[in-house]
């Protein structure tokens with residue numbers, strides 16, 4: 001009799017072991033064993049083929065195993081890594097079926113009744129390909145009931161589809177029921193070797209000889225009941241974490257793990273068509289403290305190369321007082337941004353590369369020296385604060401057109417202002433000359449004490465060219481015909497940031513208009529009017 005397959009089971013054998021090997025792929029070829037949950041006196045429960053070939057078996061103590069294999073690597077279970085591997089399994093299953101059940105650690109059951117595509121062994125291989133980038137080796141069983149599909153998954157290599165129930169059960173060994181060792185010996189003495197042999201005894205005969213426990217085994221062996229699945233949704237968390245056995249003190253090993261984690265996270269998001277909007281990094285230190293850093297991605301992306309450069313820039317300039325004992329990374333997903341700009345709208349060609357450059361400048365110049373200048377709420381000219389770099393607040397061409405046109409003359413500010421000497425007559429400026437120290441000495445190599453905060457980066461030739469361009473003679477004086485002012489302003493008189501200044505608008509005989517300012521008895525040309 002042929003049965004219609006409506007259930008599939010993903011079974012990850014040696015789930016604890018595979019979860020550990022994901023974090024360190026170099027261990028795949030080595031002799032590695034995993035202890036059970038019985039603490040320091042634990043017994044070996046899972047192992048790699050290399051360890052088994054060396055004579056290590058389940059139930060041995062670590063001492064017994066190391067006596068047979070001197071290069072044995074002994075690992076304890078990691079619930080953190082198993083949690084991540086379980087989430088990956090569910091997310092891959094959800095990519096092919098909306099109805100899934102987290103049956104057990106390393107086991108996921110799928111309801112295929114609503115799947116329109118043909119259900120065959122090729123369907124199971126699609127699931128295997130989804131798991132392959134995450135270094136998870138699975139076995140897929142497909143059958144008409146969940147329990148039968150589970151039995152098929154445990155004996156699959158790597159995909160097994162049950163077409164005829166009795167023929168399949170006759171090939172499944174009796175050990176799959178997992179009876180106690182003494183009871184398994186009794187059943188073998190009865191001449192039973194497979195599940196088919198066990199079922200052929202009949203329900204009543206098994207109940208008479210083995211009682212209620214035997215009936216439970218009979219139900220599991222026959223796998224005829226179609227139980228309702230406990231449906232679940234894959235967790236909406238995309239994180240990778242690892243606890244180090246040995247403290248990390250250098251950048252190289254940390255970057256290797258960061259890159260691997262980002263590759264895994266991007267692969268998981270690609271399954272459901274999402275990209276990364278923010279990366280959260282946490283480094284747990286040996287002192288018990290932790291370093292946390294969020295990375296906001298300007299242009300959400302699913303490319304691990306771009307994400308890695310952002311995190312790498314931060315880590316290579318990070319100094320920690322204590323070694324690292326654990327690494328945790330989490331991604332906040334979002335839908336890809338498909339914004340179409342207008343004909344006259346522009347945007348950064350590569351926002352992520354731009355922000356990476358800004359991060360490097362921050363690391364080079366120090367905090368607070370790179371950012372977007374934001375004007376303070378004060379009358380003090382050129383007063384601003386530095387905020388994080390942003391470009392989203394820039395006005396669009398349509399908004400710029402709505403702004404009223406400038407009224408009056410336009411002042412072209414000089415930054416830094418040009419120091420000048422001013423002669424006063426009746427408290428009004430009448431003569432203007434460029435200060436001798438306005439043109440830097442090409443022979444000077446030291447910055448005078450007290451002037452470190454106001455460095456003049458202009459060369460002598462560039463200063464002379466600037467003065468001629470704005471109509472001032474580098475040497476000699478210029479008569480002032482008209483002077484309007486002073487306009488006095490001051491602020492912050494209550495603290496050390498106190499400031500005051502007088503401003504004048506003056507005109508020279510050749511018709512040029514200048515803005516002069518007087519601060520602490522020093523005069524400057526602040527700008528030129530168009």
- Query: Where the convex hull is taken over the Cα atoms of region 455-530, what is its projected area averaged over directions, in nm²?
  - Reply: 6.5 nm²
- Query: To the nearest 10 degrees, how steep is helix 460-469 against the longest Cα principal axis of the chain, on a 0 to 90 scale?
  - Reply: 60 degrees
- Where the centre of each part is set by its Cα atoms, how far does region 256-274 sit from region 55-90, in angstrom? 25 Å
- Out of every Cα-Cα pair in the chain, what percent are more than 35 Å apart? 60 percent
- Message: Based on alpha-carbon centroids, what's the gap between region 106-124 and region 135-195 in Å, whole number please?
- Response: 19 Å
- Tell me, what does the Kirkwood hydrodynamic radius of region 52-146 come to in angstroms if you use every pair of distinct C-alpha atoms? 15.9 Å
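When the helix-only estimate is applied to the chain (DSSP H runs of n ≥ 4, each -39,500 (n - 2.57), divided by the residue count), what is the mean residue ellipticity at 222 nm, nearest 500 deg cm²/dmol?
When only DSSP H runs of four or more count, the value is -9000 deg cm²/dmol.
Mind checking the full-extension length gain between residue 104 and residue 270? Use 0.36 nm per residue of separation minus the Cα-Cα distance, one decimal, nm.
Going from the current span to full extension adds 57.2 nm.
For region 1-105, what mean projected area does the convex hull of the alpha carbons give, in nm²?
Mean projected area of the Cα convex hull: 9.0 nm².
Hey, any idea what the orientation-averaged projected area of the convex hull of region 108-159's Cα atoms comes to, in nm²?
The orientation-averaged projected area of the Cα hull of region 108-159 comes to 3.6 nm².
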- Spacing of the two label points (7 Å from each Cα toward its C-beta) at residue 369 and residue 354, in nm: 2.3 nm
- Going from the alpha-carbon gyration tensor of region 160-262, what semi-axes, largest first and in whole Å, does one get by taking the root of 5 times each eigenvalue? 46, 19, 14
- Give the Debye-formula value of log10 I(q)/I(0) at each listed q (0.09, 0.14, 0.21 Å⁻¹), with one equal scatterer per alpha carbon of region 92-201, two decimals each. -0.28, -0.63, -1.13
- Cubic angstrom per residue, convex hull over Cα atoms of region 238-334: 85 Å³
- Rounded to the nearest 10, the angle in degrees between the Cα long axis of helix 79-94 and the longest principal axis of the Cα atoms of the chain comes to 80 degrees
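Values in this text are rule-based calculations from the coordinates and carry no lab data. Keep in mind it's a predicted model, so treat the numbers as computed, not measured. Note that we place each Cβ from the backbone using ideal geometry, even for glycine, and neighbour counts take in every protein chain shown.
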